Amino acid sequence: MNFHYHLLINPAAGSGNAQQTAKLIIQLLDDGDYTYTPYYTKKAGDERTLVARLQELLTPWESEPADPPEVFHLLVVIGGDGTLHGVVNELFLLGRTLPVSYIPAGSGNDFARGIGLSRDPQTAFNQLTQAKAPQKLNVLVYEEAIKEEMGIVLNNVGIGLDALVVATTNVSTSKKMLNKYHLGSASYAFYVLKALFTQKTFPILVEVNGQELAFERAFLCTTTNIPYFGGGIPIAPMADPKKEVVDLVVVEKPNLLAILHFLFQLIRKKHTKNKHYQHFSSSKLRIVSVVPQPGQADGEILGERSYDLNFSTAEQYIWY
């Protein structure tokens with residue numbers, strides 16, 4: 001099959017590292033005599049505008065096409081998880097089911113970790129060009145009733161601690177500095193440690209598997225599609241993007257000594273045995289947080305507010 005790769009490049013991702021990644025990928029495409037067209041974002045939201053413009057050019061995926069196309073037009077996103085989030089959400093709102101490929105070039109790159117896509121640009125490029133078909137992955141669909149919002153989530157939606165980490169890390173100078181040395185995940189780790197001691201508890205209501213559960217002292221509430229958040233922290237090691245379920249992790253805040261114990265277990269990936277850690281899995285669930293809290297979706301800040309979230313699942317094809 002012959003491909004025309006449409007490169008959607010966010011040069012600002014990874015504090016500018018994505019620009020270097022894009023240069024490398026373009027050089028590899030030139031060396032291999034591939035056909036491609038690059039498109040560059042200049043500001044936040046441009047990825048959505050580009051997708052709306054390109055959607056009619058892109059080729060839908062059929063597992064056994066009756067009439068295979070002479071040229072398969074494939075969208076390749078070069079940027080961070082937030083860039084990919086914007087792309088798949090625009091396709092979702094447009095009602096288009098199209099495969100997307102991805103070269104991770106952000107700070108955390110949790111989506112690549114979660115699906116087994118290399119975070120090394122050249123290896124990810126090889127995975128893309130050698131793949132004969134896209135992988136069908138599960139993604140989360142959320143509907144927020146208070147502000148009447150809806151969208152797709154590739155990684156996770158967090159209320160509380162992880163959203164606080166995202167909000168503080170994204171504006172930090174340390175993240176930009178560490179990104180220059182390809183250590184962006186380290187900035188997340190530092191702010192996770194800080195947030196463990198500063199995040200206040202809040203009440204939430206969870207409806208899952210026919211039960212209504214109240215948590216009075218939650219400080220982390222993460223609905224996830226993959227094991228990781230915050231640049232590689234395996235908060236939900238049981239999560240699998242190939243399963244059609246929603247995974248929810250709730251952690252209620254213990255005392256100081258217990259926080260340190262939980263952190264030690266988290267580092268050793270033994271935290272799921274902690275008595276303050278609770279995990280739920282379902283095809284649908286609802287979370288209500290009446291006390292305003294910071295929120296994030298795929299590393300994009302949702303703001304500090306109350307939430308009434310309903311989650312279900314959908315399919316997204318990723319070519320790798």
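The values are calculated or read from the model by the stated rules, or taken from the named source; none is laboratory data. As the structure is a computational prediction, the values presented were derived from the model and not from experiment. Quick reminder, even Gly has a Cβ in these numbers, built from the backbone with ideal geometry, and neighbours come from all protein chains shown. Protein only, heavy atoms only, side chains kept; ligands, DNA and RNA dropped before computing areas. Shrake-Rupley method; radii C 1.70, N 1.55, O 1.52, S 1.80 Å.
Please work out which option in [x] 44, 25, 16; [y] 34, 22, 17; [z] 36, 26, 20 gives semi-axes √(5λ) of the Cα gyration tensor in Å calculated from these coordinates, and answer with its label.
[y]
Order these peptides, 47-57, 298-308, by their mean beta-carbon neighbour count within 10 angstrom, highest first. Mind showing how you got there, number by number?
Working: 47-57: 16.3, 298-308: 18.6.
In decreasing order of mean packing, 47-57, 298-308 become 298-308, 47-57.
Counting each DSSP H run of 4 or more residues in the chain as -39500 (n - 2.57), what helix-only mean residue ellipticity at 222 nm follows after dividing by all residues, to the nearest 500 deg cm²/dmol? All intermediate terms of the calculation are to be shown ahead of the outcome.
On the way: 9 runs with 99 residues, N = 320.
It comes out at -9500 deg cm²/dmol, rounded to the nearest 500.
Report for the chain the percent antiparallel among DSSP-assigned beta bridges with both residues inside it, nearest 5. Could you put the intermediate results ahead of the total?
Working: 56 of 77 bridges.
Taking every DSSP beta bridge within the chain, about 75 percent pair in antiparallel fashion.
Using alpha carbons only, how many degrees (0 to 90, rounded to 10) separate the axis of helix 17-31 from the longest principal axis of the chain?
30
At a 1.4 Å probe, what is the % contribution of carbon and sulfur to the accessible area of the chain? Numbers along the way, then the final one.
Values: 7450 of 14610 Å².
The C+S portion of the solvent-accessible surface of the chain is 51 percent.
Distance cut-off 19 Å, Cα to Cα: go down the list Lys136/Lys242; Lys200/Lys253; Lys147/Lys194 and report the pairs above it.
Details: Lys136/Lys242 7 Å; Lys200/Lys253 8 Å; Lys147/Lys194 30 Å.
From the list (Lys136/Lys242; Lys200/Lys253; Lys147/Lys194), the Cα-Cα distance tops 19 Å for Lys147/Lys194.
Among the aspartates and glutamates, which have Cα under 20 Å from the Cα of Lys284 when same-chain residues fewer than 8 positions away are ignored?
By straight Cα distance, Lys284 reaches Glu143, Glu144, Glu148, Glu149, Glu207, Glu212, Asp240, Glu244, Asp247, Asp298, Asp308, Glu315.
Given +1 on the Cβ of Lys and Arg, -1 on the Cβ of Asp and Glu, and no further charges, what dipole in debye does the chain carry about its Cα centre, rounded to the nearest 20? Intermediate results must be reported in sequence, preceding the final value.
Details: 28 positive and 31 negative charges, 293 e Å.
So the magnitude is around 1400 debye.
For the pair Glu56/Thr201, report the inter-label distance in nm, with labels modelled 7 Å from Cα in the Cβ direction.
For the pair Glu56/Thr201, the computed spacing is 5.7 nm.
Could you work out how far helix 184-198 tilts from the main Cα principal axis of the chain, as a 0 to 90 degree angle to the nearest 10?
On a 0 to 90 degree scale, this one is about 20.
Hey, with R₀ at 35 Å, roughly what FRET efficiency would Lys42 and Phe264 work out to, going by the Cβ-Cβ distance, to 0.05?
Working: r = 44 Å, r/R0 = 1.26.
Computed FRET efficiency for Lys42 and Phe264 comes out at 0.20.
So what is the accessible area of the chain per residue, in Å², with the probe set to 1.4 Å? Walk me through the numbers on the way to the answer.
Values: 14610 Å² over 320 residues.
For the chain, the solvent-accessible area averages 46 Å² per residue.
Going highest first, how would you order 17-24, 223-230 by mean Cβ packing within 10 Å? Walk me through the intermediate numbers first.
Working: 17-24: 18.8, 223-230: 25.2.
Listed from highest to lowest mean packing, they are 223-230, 17-24.
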